[in-house]
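Asker: Take a look at the following structure, please.
Bear in mind that the values in this text are calculations on the coordinates, not laboratory data. Just so it is clear, the structure is predicted and the values come from calculations on it, not from any experiment. Heads up, the Cβs are rebuilt from the backbone with ideal geometry, glycines too, and the neighbour counts pull from every protein chain shown.
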Amino acid sequence: MINGIPLHPLIIHVVVVFIPLTAVFAAAALVPRWRMAMAPLAGLFALASVAGAIAARATGEQLLETTGSSPILERHEELAEYIVPLTVATAVFLVVAAVLHLGRPGFVAQLNEGALAGVPWVHTALSVVGLLFALASTVQVILIGDAGAQSVWLGG
């Protein structure tokens, strides 16, 4: 708790902000002239979303121990079970896409010149799948947030 406020309502704002921004950066990374700047941002925000989702789950479990359960909170908890796997999948695809696109490390440069030479669509495919996971994560966060808000404002 910070000044009597449970950590969960504070931590969830990381998830509420970073997951949709990940989707925005992932979409922008599909534009060739923006890719160099947006692909790394999409990957970094995806990683931050994973950290935020894990922290939100942990603080939510702590809060549930002190408040007790209700049907609305159970729904909130059920929906929240999917956010960590969704954010992890998003991060895997977007980080790999960013690393392959930037091609900085030696092994990545070798992949780009060797096994991936002649298949430039791999970067785009990884980015599109990452974007789809980011969009799914965004929808899931909206559903989770709605159930959480109902539990607070409707007394559930």
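Asker: Among the GluC sites (Glu not before Pro) within segment 4-92, which fall in a DSSP loop and have no more than 13 other Cβ atoms within 10 Å of their own Cβ? Write out the running numbers ahead of the final one.
Answerer: Values: sites: GLU61, GLU65, GLU74, GLU77, GLU78, GLU81; in loops: GLU81.
Sparse-neighbourhood loop GluC sites (Glu not before Pro): GLU81.
Asker: For segment 132-143, just list the computed ³J(HN,Hα) in residue order, Karplus coefficients 6.51, -1.76 and 1.60, θ = phi - 60°, integers in Hz, with x standing in for Gly and Pro.
Answerer: Calculated HN-Hα couplings, in order: 4, 5, 5, 5, 4, 5, 5, 4, 5, 5, 5, 5 Hz.
Asker: Right, here's the next one. If you fit an axis through the alpha-carbon atoms of helix 71-80 and take the longest principal axis of the Cα set of the chain, what angle between them do you get, 0 to 90°, nearest 10?
Answerer: 10 degrees
Asker: Then there's this: For segment 9-60, what is the Kirkwood estimate of the hydrodynamic radius, computed as the reciprocal of the mean inverse distance between distinct Cα atoms, to one decimal in Å?
Answerer: Values: mean 1/r = 0.0895 Å⁻¹.
Value: 11.2 Å, from the Cα pair sum.
Asker: What are the extents of the Cα atoms of segment 15-103 along their three principal axes, in Å, largest first?
Answerer: The Cα atoms of segment 15-103 stretch 51, 18, 15 Å along the principal axes, largest first.
Asker: Net charge around GLU77, counting only other residues with Cβ within less than 14 Å of its Cβ (Lys, Arg = +1; Asp, Glu = -1)?
Answerer: Working: positive: ARG57, ARG75; negative: GLU61, GLU65, GLU74, GLU78, GLU81, ASP146.
Spelling it out: positives minus negatives among the neighbours equals -4.
Asker: Would you mind ranking TRP34, TRP153 by Cβ crowding within 10 Å, fewest neighbours first?
Answerer: Details: TRP34 14, TRP153 8.
With the fewest neighbours first, TRP34, TRP153 line up as TRP153, TRP34.
Asker: Using Stokes-Einstein with the Kirkwood hydrodynamic radius over Cα pairs, what translational diffusion coefficient do you get for the chain at 25 °C and a viscosity of 0.890 mPa s, in µm²/s rounded to a whole number?
Answerer: Details: Rh = 16.5 Å.
Diffusion coefficient, whole number: 148 µm²/s.
Asker: Also: Treating the angle as unsigned and between 0 and 90°, give the value, to the nearest 10°, between the Cα long axis of helix 83-102 and the longest Cα principal axis of the chain.
Answerer: Helix 83-102 and the main axis of the chain meet at about 20 degrees.
Asker: Using the Karplus curve 6.51 cos²θ - 1.76 cosθ + 1.60 with θ = phi - 60°, work out ³J(HN,Hα) for each residue of segment 2-12 in order, rounded to whole Hz, and write x for Gly and Pro.
Answerer: 10, 6, x, 9, x, 5, 3, x, 7, 5, 4
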